[in-house]
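Notes to accompany the following structure.
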Amino acid sequence: MAGLELRGVRKTYGSASLETLKGIDLKVEEGQFLILVGPSGCGKSTLMNAIAGLESITAGSILIDGQDVTDVEPKDRDIAMVFQSYALYPTMTVRENISFGLRIRKTPVERIDEEVARVAALLQIEPLLERKPAQLSGGQQQRVAMGRALARRPRLYLFDEPLSNLDAKLRVEMRTEIKLMHQRLKTTTVYVTHDQVEAMTLGDCVAVMKDGEVQQFGTPETIYKNPRNLFVASFIGSPPMNFVPVSVAGNAQRVSVRLNSDEGTAVIDAPGLDPALIGRTVLLGIRPEQIALNAHGERSGQEHDGAGVPTRVLVVEPTGPDTLLYAEWNGIKVCCRVAPDQAPAAGTASIWTIDARRAVYFDPESGERLA
Amino acid sequence: MADTRRMLNRVAIHGILLAACAVYLVPLLVMLLTSFKSPEDVRAGNLMTLPVEWTVIGWLKAWDTVSGYFWNSFMITVPAVLISTLIGALNGYVLSKWAFRGSNLLFSLLLFGCFIPFQVILLPMSFTLGKLGLANTTTGLVIVHVIYGLAFTTLFFRNYYVGIPDALIKAARLDGAGFFTIFFRILLPMSTPIVMVSLIWQFTQVWNDFLFGIVFASGEAQPITVALNNLVNTSTGAKEYNVDMAAAMIAGLPTLLVYVVAGKYFIRGLTSGVVKG
């Protein structure tokens with residue numbers, strides 16, 4: 001049974017002709033972790049509020065565990081939400097914050113105490129139970145906010161950018177904890193973020209959104225390896241995918257594209273491209289780790305089903321775990337990710353080899369995937 | 001050199017502050033001194049001299065005359081302040097957290113209430129109270145004060161609640177809380193500073209009101225401000241300045257007391273939201 005299903009969800013504010021959500025269709029199996037990712041203003045928070053019932057939708061329907069909840073009040077949807085600002089009740093202690101929902105629902109006192117104890121143990125916040133939110137650090141407030149969501153054992157968890165107010169180190173820690181928690185509890189979860197690392201690491205499936213539409217919906221792996229359009233390809237991945245305009249050449253039997261650098265030229269096979277495109281300019285997309293450096297400067301492209309481009313390194317950026325090299329192909333800056341011990345000095349010329357099987361091609365006008 | 005200059009600055013600043021204090025406090029001092037003098041003392045002495053003989057005759061006589069009106073003022077002020085604060089808080093809650101189509105327009109119109117000179121509404125209001133059968137009653141006066149206090153209390157609470165994140169309301173709704181539960185269990189407990197502002201403001205306004213008191217109440221139902229005026233303006237017999245001064249002190253004490261007790265919240269509430277944090 002689907003944990004959450006959205007059917008043609010649309011949202012228009014007031015009399016505005018602009019739609020915030022333009023027909024969203026998503027289906028997530030029970031117990032799965034869905035990520036909604038996209039730039040600000042893409043409608044992901046609106047969609048989240050719509051799922052929670054905090055905002056009405058103009059058309060379509062929302063189903064939780066197979067039950068249509070489109071017209072159900074938020075409190076009756078059996079949903080818990082963690083907010084970016086935590087939204088802890090400032091006048092209540094941590095214990096009261098966690099138990100508020102249970103008390104409103106007239107849960108027996110013993111059950112409430114049990115539930116608070118369980119949640120506090122799970123999140124390791126037992127020593128904080130009698131404190132007020134103002135006396136907690138950001139990370140502790142974050143835990144309490146999650147505790148409040150966990151206490152009711154809802155059918156669906158909603159996370160609205162829960163980590164974006166934490167510092168970098170804590171963010172990574174909490175990310176792992178959220179994943180661990182989900183593996184343990186197996187509750188259907190929807191998680192909104194604009195951070196593509198969170199999207200990749202946490203989700204069972206990811207919906208990349210832009211302008212109120214789902215651009216691509218699939219597993220993180222599919223979205224990373226097989227982006228459906230230019231936007232998805234550029235949004236997911238850090239450093240982002242390189243996009244180089246190339247002109248298509250060759251004949252019906254063998255389609256290829258051409259890459260120029262100051263050092264020379266390479267012709268790269270593009271077997272997936274339609275021969276009808278010959279003569280046109282397309283965008284070649286290649287991720288920084290899909291470019292390999294040939295240490296000895298020999299041509300070895302043919303052997304790897306790839307092609308070598310003689311390239312001079314312009315800038316070297318060591319990040320620690322790996323080093324980023326920048327160079328220019330067809331007048332566009334490209335980035336290549338290598339192991340630190342393989343990094344040449346700036347100014348060194350060598351052969352950069354593209355993994356041609358993984359290269360993707362996009363229409364420069366529409367942004368649609370060509371191959 | 002620098003030390004001398006700083007010293008001089010200090011002296012100048014403190015001198016100005018002391019002078020300003022004196023301007024405010026000397027009348028109070030004169031009132032207090034006079035209220036403790038005997039009538040003979042008042043006639044013989046100079047305004048600033050200490051009483052020859054300290055006596056509370058003036059205070060006792062003043063209390064005898066105005067005590068009934070003092071309680072009248074309480075009967076008017078306490079309900080008017082509480083009701084206008086509560087309704088103002090609810091209004092502010094709705095206007096900031098449950099905005100509806102036209103709620104901003106409604107709020108702007110409500111703000112006109114802050115600027116209407118009260119003289120303008122005297123006749124229509126007395127006509128309305130007459131129709132309602134509330135003319136010359138304490139209830140009527142309370143209603144008038146509540147209505148004209150609402151503009152201010154709504155403004156206070158609306159602006160305070162606008163600064164409270166909407167996520168708090170959303171979280172409470174998902175937790176299962178309804179309109180009034182959110183208001184009474186979440187918002188109101190965090191409103192202490194603005195409640196204090198509203199209480200002090202309304203208490204001062206209503207207690208010190210003279211115009212509504214003299215127009216909409218009569219005889220035994222009059223508030224103390226009107227009674228004080230009547231006392232001071234009596235033209236029969238010798239002027240009893242000690243009694244006048246004591247009565248004026250009695251009339252002024254409650255607002256003074258409210259400010260002393262809740263003043264720190266007043267300052268805090270007025271400046272809250274000015275800087276973040």
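Where a number appears in this text, it was derived from the coordinates with a stated rule and is not lab data. Treat the numbers as computed from the prediction; the structure is a model and nothing was measured. Glycine also receives a Cβ, built like all others from the backbone with ideal geometry; neighbour counts cover every protein chain displayed.
In nm, give the distance between the simple-model label positions of B:TRP63 and A:LYS169, each being 7 Å from the Cα along the Cα-to-Cβ direction.
6.7 nm
Given a Förster distance of 25 angstrom, what is the FRET efficiency for A:ALA339 paired with A:THR176, based on the Cβ-Cβ distance and rounded to 0.05?
Details: r = 25 Å, r/R0 = 0.99.
Efficiency at R0 = 25 Å is approximately 0.50.
Based on the Cα atoms of chain B, what semi-axes does the equivalent ellipsoid have, where each is the square root of 5 times one gyration tensor eigenvalue, given in whole Å with the largest first?
Values: eigenvalues 332, 181, 47 Å².
In descending order the semi-axes read 41, 30, 15 Å.
Can you count the Lys pairs in chain A with C-alpha separation below 14 Å, eight or more apart or on different chains?
Numbers: A:LYS11/A:LYS22; A:LYS11/A:LYS44; A:LYS22/A:LYS44; A:LYS22/A:LYS210; A:LYS44/A:LYS210; A:LYS75/A:LYS106.
Count of close lysine pairs: 6.
For the pair A:GLN67 and A:GLU114, how long in nm is the line joining their label points, each one 7 Å along Cα→Cβ?
About 2.1 nm, to one decimal.
Helix B:118-132 sits at what angle to the longest principal axis of chain B, using alpha carbons and giving 0 to 90 degrees rounded to 10?
Helix B:118-132 sits at roughly 70 degrees to that axis.
For the pair B:PHE100 and B:CYS21, what calculated FRET efficiency results from E = 1/(1 + (r/R0)^6), where r is the Cβ-Cβ distance and R0 = 56 Å, to the nearest 0.05? Present the calculation step by step, with values, prior to reporting the outcome.
Numbers: r = 50 Å, r/R0 = 0.89.
Computed FRET efficiency for B:CYS21 and B:PHE100: 0.70.
Per DSSP H run of at least 4 residues, take -39500 (n - 2.57); add these up for chain B, divide by its residues and hand me the 222 nm value, nearest 500 deg cm²/dmol.
Working: 11 runs with 203 residues, N = 277.
My calculation for chain B gives -25000 deg cm²/dmol from helical runs alone.
List the extent of the Cα atoms of region B:40-107 along each of their three principal axes, largest first, rounded to whole Å.
Here the spans come out as 69, 27, 15 Å, largest first.
Amide H of A:THR353: which non-local residues (sequence gap of 5 or more, or other chain) have their own amide H closer than 5 Å, using H built in the peptide plane?
Result for A:THR353 returns A:ALA292, A:LEU293, A:ASN294, A:VAL309.
Hey, got the average number of other protein chain Cβ atoms within 10 angstrom for residues in B:188-196? All intermediate terms of the calculation are to be shown ahead of the outcome.
Numbers: counts 1, 4, 4, 1, 1, 0, 0, 0, 0.
For peptide B:188-196, the averaged partner shielding equals 1.
Could you derive backbone 3J(HN,Hα) for region B:205-212 from the dihedral phi with the Karplus parameters 6.51, -1.76 and 1.60 (θ = phi - 60°), listing whole Hz in sequence and x where the residue is Gly or Pro?
4, 6, 5, 7, 5, 10, 4, 4
Using θ = phi - 60° and the Karplus curve 6.51 cos²θ - 1.76 cosθ + 1.60, what whole-Hz ³J(HN,Hα) does each residue of region A:348-357 get, with Gly and Pro shown as x?
Karplus-based 3J(HN,Hα) across region A:348-357 equals 6, 9, 7, 8, 9, 9, 8, 7, 5, 5 Hz.
Note the per residue figure in Å³ for the convex hull of the C-alpha positions in the protein assembly as shown.
Values: hull volume 181.4 nm³, N = 648.
With only Cα atoms used, the protein assembly as shown gives 280 Å³ per residue.
Which value, in Å to one decimal place, does the Kirkwood hydrodynamic radius take for region A:126-270 when every pair of different Cα atoms is included? Don't skip to the end; give the middle numbers.
Values: mean 1/r = 0.0535 Å⁻¹.
Result for region A:126-270, one decimal place: 18.7 Å.
Between beta-carbons, use under 9 Å as the cut-off and find the net charge around A:ILE64, counting Lys and Arg +1, Asp and Glu -1.
On the way: positive: A:ARG77, A:ARG155; negative: A:GLU5, A:ASP65, A:ASP68, A:ASP78.
After counting each charged neighbour, the total is -2.
Quick one: order A:CYS42, B:CYS21 by neighbouring beta-carbon count within 10 Å, fewest to most. Walk me through the numbers before you get to the answer.
Numbers: A:CYS42 24, B:CYS21 10.
Lowest count first: B:CYS21, A:CYS42.
R0 = 22 Å: FRET efficiency of B:VAL56 with B:LEU256, Cβ-based, nearest 0.05?
Efficiency for this residue pair is about 0.70.
Under a Cβ-Cβ cut-off of 15 Å, what is the net charge of the residues other than B:ARG43 that fall near it, where Lys and Arg count +1 and Asp and Glu count -1? Walk me through the numbers before you get to the answer.
Details: positive: B:LYS37, B:LYS239; negative: B:GLU40, B:ASP41, B:GLU53, B:GLU240, B:ASP244.
Local net charge: -3.
Sort B:THR77, A:THR46 so the one with the fewest other Cβ atoms within 10 Å of its own Cβ comes first. Let's see the in-between values first.
Numbers: B:THR77 26, A:THR46 21.
With the fewest neighbours first, B:THR77, A:THR46 line up as A:THR46, B:THR77.
Given the convex hull of the Cα atoms of chain A, what is a quarter of its surface area in nm²?
Result: 22.6 nm².
Could you give each residue of region B:9-17 its phi-based ³J(HN,Hα) in whole Hz, using Karplus coefficients 6.51, -1.76, 1.60 with θ = phi - 60°, and x for Gly or Pro?
In residue order, the calculated couplings are 4, 3, 4, 4, 4, 5, x, 5, 4 Hz.
Lys and Arg at +1, Asp and Glu at -1: add these up for the other residues within a Cβ distance under 12 Å of A:LEU102 and post the number. Spell out each step's value before the answer.
Working: positive: A:ARG95, A:ARG103, A:ARG105, A:LYS106, A:ARG111, A:ARG118, A:ARG148, A:ARG152, A:ARG153; negative: A:GLU96, A:GLU110, A:ASP113, A:GLU114, A:GLU115, B:ASP175.
My count for the surroundings of A:LEU102 gives +3.
Could you tell me what percent of the DSSP beta bridges with both partners in the protein assembly as shown are antiparallel, to the nearest 5?
Rounded to the nearest five, the antiparallel share is 75 percent.
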